[in-house]
Amino acid sequence: MSELHKFLFEGLPVRGMVVRLTDAWTEILKRRAQSSTGAYAPPVQALLGEMAAAGVLMQSNIKFDGALILQVFGDGPVKLTVVEVQSDLSLRATATVQGAVPDDAGLPAMLNVRGLGRCAVTLDPQGRQPGQQPYQGVVPLSDADGHSVQSLSQALQLYMRQSEQLETVLVLAADDKVAAGLLIQRLPIEGMGNLAGQQPAEAELYEAEMLEHYNRIATLASSLKREELLTLDVETILRRLFWEEKLQRFMPHAGETGPRFACTCSRERVGRMIQGLGEIEAREILAERGVIMVDCEFCGANYRFDAIDAAQLFTIPGAQPPSTSAIQ
Ligand SMILES: [Zn+2]
């Protein structure tokens, strides 16, 4: 069963989380394998799995009331990868691939061939009003010197530093059975306002001491191997890494309250998308093919609109054209 575990380091401004997606992840892969596009190449599968694990960690880290959408836009054979995690931890994921991805392709060869790849995190609030823009933060997949990042975790750590101003360690791994991740984050020191009233030297000393603690924990977390993350259970991982630390554990999220696959597509949403195309284009497709067929890339559901269905979309009183937002 897929699970998410949260914990704090007692007395220290550091928190952590481990996610292991099993059934939620294999369901996503199974649906893809059954679709007309077929199964992902192993490096794409690994990347998308890492994104799924990271998406769950980031969503539960900020507890956002709405969808957290993690996207990577690539300039290589992998054009787009998307993971969407709702506030109840239900998630879906898909990737658009054009051309062959060799089995040994790394992130630069898949997504950042010309240095134009980028990673975006979008927060789309629940019940967003028309015209209200979702928040979006974007980081390039290359550093200031033009060197490509080598892993998704590297790009996301950069994003966290920029957007949340919080030092974060992310270790991610995925194969065809498990997508897993560990997140360790340094929290702002509580009561710094009070400390500021003390002797500056004391506050400085305290901060330096807390930084030392964080650095030690971050080094331990970074020592976690991909293989360990994929094969060990959460208890073993935490014991091996942090056996000398005092952890305060919280009730794990699993089963109905845990990470799980769910798609938010519906006939109504697809109808709005067709309205967005406009009546002229919809008629052209109907004239050519007799029916408008839309497959959901996330879950494989197939939606058919014939001429009568389509006519209704454009004639129902009160049917509103959708907003022009890119987010469906
Ligand atoms: Zn769907």
According to the Cβ-distance criterion of 4.7 Å, cysteines of the chain with no possible disulfide partner are 119
Could you calculate the contour length gain from residue 26 to residue 243, that is, 0.36 nm times the residue separation minus the distance between their Cα atoms, to one decimal place in nm?
75.0 nm
Fraction of beta bridges assigned by DSSP in the chain that are antiparallel (%, nearest 5)
95
Label-point separation in nm, residue 213 to residue 33, each point 7 Å along Cα→Cβ
4.6
What's the extension gain from residue 138 to residue 202 if we count 0.36 nm per residue and subtract their Cα-Cα distance?
19.3 nm
Fewest-first ordering of 171, 121 by Cβ atoms within 10 Å yields 121, 171
Amide H contacts of residue 90 (H built 1.01 Å from N, under 5 Å, at least 5 apart or other chain):
260
So what are the three principal axis dimensions of the chain from its Cα atoms, in whole Å, longest to shortest?
76, 46, 44
Can you tell me how much longer the chain between residue 306 and residue 266 gets when fully stretched, taken as 0.36 nm per residue apart minus their C-alpha distance, in nm with one decimal?
12.8 nm
Which residue, 39, 67, 282, has the most motion in a Gaussian network model of the chain that connects Cα atoms within less than 10 Å?
282
Among 12, 29, 123, which one shows the highest mean-square fluctuation when the chain is modelled as a Gaussian network with alpha-carbon springs under 10 Å?
12
Cα-based count: Lys pairs in the chain below 20 Å, eight or more positions apart or different chains?
5
If I build a Gaussian network model for the chain, linking alpha-carbon pairs within less than 10 angstrom, which residue out of 115, 55, 290 has the largest mean-square fluctuation?
290
Region 57-86 scanned against label point 7 Å out from residue 128 along Cα→C-beta; backbone N under 15 Å for 64-71, 83-86
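Any read-out appearing in this document is the output of simple, stated calculations on the displayed coordinates, not a laboratory observation. These numbers come from a predicted model, not from an experiment. All Cβ positions, glycine included, derive from the backbone under ideal geometry; neighbour counts span all protein chains shown.
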